[in-house]
Amino acid sequence: MSSVTTSIPEVDLSLWRAGTGAERRALADEVRQVCHHIGFFHLVGHGISPALLVEHAGYRARFFALPEETKRRIDKARSPHFRGWEPVGAELTGGRPDQREQLDLAVENPVRGLRADPPFLRLDGPNQWLPEELIPGFQDHLGRFFAALSALADELLGVLSVGLGLPENHLARLFGDRPLSLVKLISYPPTPDGEAGVNAHHDAGFLTLLLQDDVGGLQVEAPDGAWVDVPPRADAFVVNLGEMLQEMSGNYYVATTHRVITGAARFSSAWFHGPALETELVPLPLAAGLAAAVAASPRHAGAGFMARHEELESGLDGIASRRGAGVYGQQLWNYYRRSYPENMRRHHPDCA
């Protein structure tokens, strides 16, 4: 596969579902190569109902059209679990404010306590919801949306496992009995000059499923360093891998750097698939040939991680850390600490 990428590959999941054993292995090998060389692809044949996606777009638009004073009733600043609405500029990526408005939600697991140790256990908790009468059916819709995307992401874990030469259920078995996946509903205004809707970054989880509207703006950094546009497609999810798989695969999979710069108002929704907070990011039992491929590729062998809060303060570039997180919960905690330092000081002063 070429080291210079000018387009985003397409993967048809219906071939996995309907294929023979050999055809399934061939598709899994194709996905492995795409993820190793590029790290992003358009997923078609995903089986998510078009009606659910149209419904989702409608609810998303209705939510962001609400008056700001209404949305502030669920301001993320109130949540020790980092859930809720936030205005443009509230999140920092690589130490710079993102030019986007968001609603952040996650799987709702029972609270473990706001003085739990290790501190990342404090991330389990409830979402913030507006009263039902303000946007009827919204919470019910998102419950169905969560279920559909979680099932799709679990299926992709099977494809990734087989592609790596592992049993189909290998990655899914790591998720434990209380996985914590995240969702962002995002509204981007036109990006001001010199800024970004979201600054260049890696995702934190196992994998991401992104649903774009019909306005472009998502860009992926290609292996040659060029920025490649990811065109919106109504029939496809954009899939990319996160730093969990980078760490566990010994950099065979690299969490590809991406950003958003848009010339027009844009909506998107992202599902960040993640396991239980205690999941250890131990090396996967991969064939020796895959490790050799990493050693032979300076891009893979030298790939970094998103810098921690203290590393950013010391002047380290946003994606130049040499330190993995070791545990999924710590991975998320590092993300929230660098992205929401004020929220961290407000709710978790012992960790700020």
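Given the conditions (1) buried (at least 24 other Cβ atoms within 10 Å of the Cβ); (2) more than 21 Å from Leu152 (Cβ to Cβ); (3) in contact with a strand residue (DSSP E or B) (Cβ under 7 Å, 6 or more places away or on another chain), and given that Val228 satisfies all but one, which numbered condition is not satisfied?
(1)
Name the residue, out of Thr256, Thr279, that is modelled with pLDDT of 95 or more, surrounded by 14 or more Cβ atoms within 10 Å (Cβ to Cβ) and either among the hydroxyl-bearing types (Ser, Thr, Tyr) or at negative phi (or both).
Result of the check over Thr256, Thr279: Thr279.
Output the residues belonging to region 108-139 that are under 15 Å from Leu185 (Cβ atoms) and either among the aliphatic types (A, V, I, L, M) or in a helix (DSSP H, G or I) (or both).
If the condition is that a residue be under 15 Å from Leu185 (Cβ atoms) and either among the aliphatic types (A, V, I, L, M) or in a helix (DSSP H, G or I) (or both), then Leu130, Ile135, Phe138, Gln139 are the ones that fit.
The rows are residues; the columns are (1) in contact with a Lys or Arg (Cβ under 8 Å, 6 or more places away or on another chain); (2) at negative phi; (3) surrounded by fewer than 22 Cβ atoms within 10 Å (Cβ to Cβ).
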residue	(1), (2), (3)
Glu108	no, yes, yes
Leu114	yes, yes, yes
Pro126	yes, yes, yes
Gln139	no, yes, yes
Phe146	no, yes, yes
Leu182	no, yes, no
Thr191	no, yes, yes
His201	yes, yes, yes
Leu211	no, yes, no
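For the list (1) more than 16 Å from the chain's Cα centre (by Cα); (2) assigned to a loop (DSSP other than H, G, I, E, B); (3) surrounded by fewer than 23 Cβ atoms within 10 Å (Cβ to Cβ), I need the number of the one condition that Ala172 fails.
So the condition that Ala172 fails would be (2).
Output the residues belonging to region 288-342 that are modelled with pLDDT under 95, among the charged types (D, E, K, R) and loosely packed, with under 14 Cβ neighbours inside 10 Å.
Glu310, Glu313, Asp317, Arg322, Arg323
Mind checking which pairs have a first residue in region 78-90 that is of a type outside the set (Asp, Glu) and a second that is in a loop (DSSP other than H, G, I, E, B) and surrounded by 15 or more Cβ atoms within 10 Å (Cβ to Cβ), Cβ under 6 Å, 6 or more apart or different chains?
Partner pairs satisfying both residue conditions: Ser79/Gln128; His81/Gly125; Arg83/Asn127; Arg83/Gln128; Gly84/Gln128; Val88/Gln99.
Looking at region 141-169 only, could you name the residues that are in a loop (DSSP other than H, G, I, E, B) and either closer than 18 Å to Gly274 by Cα or touching a residue at least 60 places away in the same chain (Cβ under 8 Å) (or both)?
Correct list: Leu164, Gly165, Leu166, Glu168, Asn169.
Scan region 192-219 for residues that are in a strand (DSSP E or B) and more than 13 Å from Ala264 (Cα to Cα) and jot them down.
Listed by number, the residues that qualify are Val198, Asn199, Ala200, His201, Leu207, Thr208, Leu209, Leu210, Leu211, Gln212, Gln219.
Any residue in region 245-252 that is surrounded by fewer than 21 Cβ atoms within 10 Å (Cβ to Cβ), closer than 27 Å to His42 by Cα and polar (S, T, N, Q)?
There is no residue in region 245-252 that is surrounded by fewer than 21 Cβ atoms within 10 Å (Cβ to Cβ), closer than 27 Å to His42 by Cα and polar (S, T, N, Q).
How about region 67-86: which of its residues are under 24 Å from Thr262 (Cα atoms) and either exposed (fewer than 15 other Cβ atoms within 10 Å of the Cβ) or aromatic (Phe, Trp, Tyr) (or both)?
Correct list: Pro67, Glu68, Trp85.
Could you pull out every one of the helices (runs of 4 or more DSSP H) wholly within region 250-352 that has 2 or more residues that are farther than 24 Å from Leu182 by Cβ?
288-295, 298-301
Search region 13-36 for residues being over 19 Å from the mean Cα position of the chain (by Cα) and either basic (Lys, Arg) or crowded, with 16+ Cβ neighbours inside 10 Å (or both), and hand back the single one that is nearest to Ser297 (Cα to Cα).
The selected residue is Glu30.
I need the full set of residues from region 43-77 which are basic (Lys, Arg), in contact (Cβ under 8 Å) with a residue 40 or more places away in the chain and more than 25 Å from Thr208 (Cβ to Cβ), in order please.
Across region 43-77, the qualifying residue is only Arg73.
Find all pairs meeting these conditions: Cβ atoms under 9 angstrom apart; at least six residues apart or on different chains; first residue within region 255-266 and within 14 Å of Gly194 (Cβ to Cβ); second residue among the acidic types (Asp, Glu).
Final answer for the pair search is Arg259/Glu221; Ile261/Glu195.
The values are calculated or read from the model by the stated rules, or taken from the named source; none is laboratory data. The shown structure was predicted, so the numbers you read here are calculated from the model rather than taken from an experiment. Note: ideal-geometry Cβ built from the backbone for every residue, glycine included; neighbour counts use all protein chains shown.
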